[in-house]
Amino acid sequence: MVAHARKPYISPQEYLQREREAATKSEYYDGIIVAMAGASPNHNAVAFNLAFELGGMLRGGDCRGFRSDMRVRVPDCNRYYYPDLAVVCGEPEFEQIAGVESLLNPTVLIEVLSDTTERTDRTDKLDCYRTLASLQTYILVAQDTPRIESYSRQADGSWRYDSASGLDAVLPLPALNGGLRFAEVYARVEFPIVPMAEAAE
């Protein structure tokens, strides 16, 4: 019988201290530090376009946006995540530990899907993000095809799922009194060519 050594538990304080001094970002999963992989050109292009699209939507209102360097704290799951984009309506609230700040009250969170993160984005992050009382909408954006999905909190506390696809589509964002225009989100993004045999299946 082979005994496997259990990784030592890392406290949030230790993680944040390391993160303040680290050259690259890592997320925190209840005692475990998970290094973040580099993003593809499509991922970066889509995230850039989303930031630009949201910037116009938020201009003149009481909501503000944050890029992927803004860490989000999820207390109920004991997690620290780096979403690709976050929006806060009203005054942002921050946890301050080890000289670093982590956002506590996002209104909208957006993740651009990739092969390495999609499963976590659709499962663990979906479940954890929805424990945040401030969160109104969680958005998943594909990078290899024009498709966006959203989970929106309803008045009764339930969550509504919506999806749209195609470059002519617009996904409404009631939480921000606007909508994501796919033609803008996917501007200059090159999608992989699907062989005819696969497309017919």
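The values are calculated or read from the model by the stated rules, or taken from the named source; none is laboratory data. These numbers were taken from a predicted model, which means no experiment stands behind them. When we count neighbours, we look across all protein chains shown, and the Cβ atoms used for this are built from the backbone with ideal geometry, even at glycine.
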Discussion item. Pairs please, first residue from the range 99-111 and within 16 Å of Y15 (Cα to Cα), second anywhere and hydroxyl-bearing (S, T, Y) and assigned to a strand (DSSP E or B), Cβ atoms under 8 Å, 6+ apart in sequence or on different chains.
Written reply: S102/Y80
Worksheet entry | Selection within the range 24-39 - modelled with pLDDT of 90 or more and either part of a loop (DSSP other than H, G, I, E, B) or surrounded by 19 or more Cβ atoms within 10 Å (Cβ to Cβ) (or both) | T24, K25, E27, Y28, D30, G31, M36
Item to complete: Would you mind stating whether S114 is of a type in the set (S, T, N, Q), modelled with pLDDT of 95 or more and either within 23 Å of N44 (Cβ to Cβ) or not in a loop (DSSP other than H, G, I, E, B) (or both)?
Response: no
Discussion item. Based on this model, can you work out whether R119 counts as surrounded by fewer than 16 Cβ atoms within 10 Å (Cβ to Cβ), outside any strand (DSSP E or B) and not β-branched (V, I, T)?
Written reply: yes
Worksheet item: Since A183 meets every condition but one in (1) farther than 16 Å from A86 by Cα; (2) of a type in the set (A, V, I, L, M, F, W, C); (3) touching a residue at least 60 places away in the same chain (Cβ under 8 Å), which condition does it not meet?
Response: (3)
Worksheet entry | Residues being under 10 Å from the mean Cα position of the chain (by Cα) and not β-branched (V, I, T) - total across the range 94-138 | 8
Worksheet item: Residue check: is D30 acidic (D, E) and under 19 Å from T137 (Cβ atoms)?
Response: no
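Among the residues of the range 122-138, is there at least one that is at pLDDT 95 or above and assigned to a strand (DSSP E or B)?
yes
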Practice prompt. Could you list, in sequence order, all residues of the range 156-178 that are of a type in the set (G, A, S), modelled with pLDDT under 95 and over 17 Å from the mean Cα position of the chain (by Cα)?
Written response: G157, G178
Worksheet item: Which one is nearest to G178 (Cα to Cα) among residues in the range 72-101 that are at pLDDT below 95 and among the small types (G, A, S)?
Response: G99
